[in-house]
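As C-alpha cells, the structure follows; a few thoughts come after it.
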Amino acid sequence: VAFRGIAGLIAVRRETLSSYAITIGTFIVIQAIAVCGLNVIVGFAGQISLGHAAFFGIGAYTAAILTTKAGLSFWMALPLVIAIGGLIGFLLGLPSIRVREDFLAITTIGINFIVEAVFRYVPFFGGALGIGGIPRIVLFDMRLKGISFFLLCLGFLVLVVLLCWWLKRCWAILACFAVRDEESAASTMGISPVRFKLLAFVIGTSIAALAGSLYAHYMQFISAGDFSFPVSVGLLSMLVLGGMGTIWGPLVGTLILGVLPEVFRPLVDYRIFFYTFLLLLMIRFQPGGLLGEESVVRRVFAPLLKRGKP
Amino acid sequence: MRLFIEQLLNGIAMGSIYALITLGLALVYGVMRILHVAHAAVYTIGAYAGLFIFQATGSLILAFLGAMIVCAFLGVVIERFLYFPLMKYPPFVPLIGSIAVMLCIEEVCRLVAGPYILTFPAKLPFPDVYLGGIQISSTLLAVYSITAIVLLLLWYITTRTELGLAMRAASQDISISDAMGINSHLIVSITFVIGSAVAAVAGILVGIYYNQVYPTMGTVPAYKTLALIVVGGLGSVPGAVIASLLLGVAETLLIGYANIPLPRDALAFIAMIGVLMWRSEGLLGSSR
C-alpha cells in the first residue's frame, strides 16, 4: 500500500510538473505572438513603441467583453477583436506616427499609462476588479485547456510567423525598410513614409490584439495591472534580445527571457537583479540582438552557413 | 479660500520637486539627445545616500553634499559606460539601456536597503512662516528656497560663464563644437554631474517632504518627467521648469477639487498629448 502511495505521489508530481511546464510554455507562445507584432512596428518600420502592452490589453479586454457581455464565442469574436485592435492602433497611431522618434517613444509610454488608467477606472471595463468568467475556447466540441490550448496558441504563432515572413518579402515592407533606413530618400522615391508606418502600426497592433485575446481566454480573468508599462518594457526587451527586424529574433528572445526567470528561480531574491543586469549587458554589447546583423551568433555561424551553400 | 491657497502652496512645492528632477533630464537631452530614464534611479540613490549619511552623521549639510557627490559619480558612470558607447545607434537603443539601468538600480536598492519604506526624520533648518493666517511649514519653505537657489545657480552657470557657453554650444551641435576646440565629451560629463547632483537634492527633499524613502520611489517620476520635458520642449530647460510647476499645481488642484476619474499619474501624459497636438515643439521648444 505504501509503495502504491509513493507511486501515486510521483505520478501526481509529474502531472503538476508537466502542467507547470505547459503553463509556462503557453505564456511564452502568447508573448511570442505579441512580440512578433511589435517586431513589425519596431523591427520592420523602425517605429519605437513602448506601449505595446496597451494594445495587448485592448485585445484582451475586447475579447473578454465580447465573450462575457455580448455572448459571442471565441471564434465569432476573434475577427472583431483583431479589427478593433487594428482600428484603435490606427487611431492612436495617427497622431503618434507624425511625431519624431523621441516623441514617439514618450507618446507610446503615455498611451500605455492612459489605456491602463481607462481600464482601471472606467466601470464598463470592470474597474479595479477586472473582468472574470471569460469562457474557455471551444473547438470541435472540445473545451481547450492545458496541452490542447498550448497547441492552439502554437498554431496561431505559426500563422503569425508566416505572416511576418511574407510581409518581410513583399513590397510593402520593402518600402517600410526604406522608410526606416532613410526616410527622406524614401519619400523622394515616391514612398509616403506616413502611410507605411501607419500600415506597420496597424498590422502590429492587430497581432497584439490576437495575442491579448488568447491571453484573456487562457487566464479567464484579466485586470488592468496585466497590461501595465513594465509589460511593454518586457516585450520590447524580448525583441531587442532576439534581434529586431529578423523573423526568428522575436521567438528566440521570448524563449530566453521567458525561461530565464525559471532558471534563475534558485537565486530567489537576486533573480530580478540578474535578469535586468543581463539585459543591460546585452544592450550594451549586442545592441543588434542575438540574431541581428553583426551579432556574435551571426559571426560564429556565418562561415558554417556559407560553407553549406555551393 | 484658505484651503485653496494651502493647496496651491502644496502644488507649487510638488512642482518645484518635479522641476528639480526634470531639469537634469532636460539638460542631458539637450547635449546627448538621449531620454535618460535612469535619471529617476539616480534620484532614488540620492535619497538613500542622503538618508544613510544623515543617519550616520546627523548632519543634513553633509547628507546633501555626500548625496550630490555619490549621484554625480553615478551619473558620470552611466554616461561613460552606457550612453557614450551607444551614441552611434538609433535613439531607442540607449533608451532601452537606460530602462535596464533603472530597473537594475531599483533592484540594488531593494537588495541593499530592503523592500520596505524607510522614514527620513530630518528637520530642515527653516522657520514656520505665518502669512495672513496661512501657515507655510518649514518643509515647504525649504523646498521653495532650495529650488530657487538651484535654479538661480543653474541660470547663472548656463548664461554667465564660459562653461555655460560651452554647454550651450555642445547642445546645439556636438560635432561642430568639437571642431571649435571644445572638449565636448568633458562637457557632456559635466552636464551629467550637474543634472545628477540636482537629482540628489530632489531625492532628499522628497524623502523629507513625504518622510518616505523606498526602492521604487523613482518609477513614477521616471516616466512622468519624460512627459514633462516633451511639454516643455525637448531640451529646453526653462520650458521643463515651467511645465513641472504647472503640472504640480494642476495635479494638486485637480485632486483637491475636480473629481476626475483618471489617476493623477495619467494627467501628465494627457497634457503631453494635448500639447503635442497643439504645438508639437512644446511650450518653449524651438522647431529643429
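The values are calculated or read from the model by the stated rules, or taken from the named source; none is laboratory data. In this text, all values refer to a predicted model and were calculated from it rather than measured experimentally. For neighbour counting, all protein chains shown are included, and Cβ atoms are generated from backbone atoms with ideal geometry for every residue, glycine included.
Summary table below
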{"item": "The range B:204-228, residues that are away from chain A (no Cβ under 14 Å), of a type in the set (V, I, T) and surrounded by fewer than 23 Cβ atoms within 10 Å (Cβ to Cβ)", "result": "none"}
{"item": "Number of positions in the range A:217-227 that are within 14 Å of A:G59 (Cα to Cα) and among the small types (G, A, S)", "result": "2"}
{"item": "Test: B:A56 is more than 13 Å from chain A (Cβ to nearest Cβ) and either out of contact with any Lys or Arg (no Cβ under 6 Å at 6 or more places or on another chain) or at pLDDT below 85 (or both)", "result": "yes"}
{"item": "Answer from A:T107, A:T67 - the residue that is within 14 Å of chain B (Cβ to nearest Cβ), over 19 Å from the mean Cα position of the chain (by Cα) and part of a helix (DSSP H, G or I)", "result": "A:T107"}
{"item": "Verdict on A:F150 being modelled with pLDDT of 65 or more, out of contact with any Leu (no Cβ under 8 Å at 6 or more places or on another chain) and surrounded by fewer than 20 Cβ atoms within 10 Å (Cβ to Cβ)", "result": "no"}
{"item": "Residue satisfying all of: in the range A:87-104; modelled with pLDDT of 80 or more and either at the interface with chain B (Cβ under 10 Å from one of its Cβ atoms) or surrounded by 19 or more Cβ atoms within 10 Å (Cβ to Cβ) (or both); farthest from B:I99 (Cα to Cα) among these", "result": "A:I88"}
{"item": "All positions within the range A:70-84 that are in contact (Cβ under 8 Å) with a residue 60 or more places away in the chain and either within 21 Å of B:F269 (Cβ to Cβ) or in a loop (DSSP other than H, G, I, E, B) (or both)", "result": "A:S73"}
{"item": "Residue in the range B:17-31 that is in contact with a Pro (Cβ under 8 Å, 6 or more places away or on another chain) and either under 26 Å from B:N211 (Cα atoms) or not β-branched (V, I, T) (or both) present", "result": "yes"}
{"item": "Single match in B:A72, B:A63, B:A56, B:A49 (criterion: in contact with a Phe, Trp or Tyr (Cβ under 7 Å, 6 or more places away or on another chain), among the aliphatic types (A, V, I, L, M) and part of a helix (DSSP H, G or I))", "result": "B:A63"}
{"item": "Selected residue (criterion: nearest to the other protein chains (Cβ to nearest Cβ)) from residues of the range A:38-49 that are in a helix (DSSP H, G or I) and closer than 12 Å to A:L199 by Cα", "result": "A:I41"}
{"item": "Among the residues listed as A:L235, A:L281, A:L257, A:L251, the single one being touching a residue at least 12 places away in the same chain (Cβ under 8 Å) and either more than 14 Å from every other protein chain (Cβ to nearest Cβ) or surrounded by fewer than 22 Cβ atoms within 10 Å (Cβ to Cβ) (or both)", "result": "A:L251"}
{"item": "Residue count, the range B:65-95 (criterion: of a type outside the set (D, E, K, R), buried (at least 21 other Cβ atoms within 10 Å of the Cβ) and in contact with a Ser or Thr (Cβ under 7 Å, 6 or more places away or on another chain))", "result": "4"}
{"item": "Matching helices (runs of 4 or more DSSP H) fully within the range B:87-203 where at least 2 residues are touching a residue at least 60 places away in the same chain (Cβ under 8 Å), of a type in the set (V, I, T) and within 14 Å of another protein chain (Cβ to nearest Cβ)", "result": "B:92-113"}
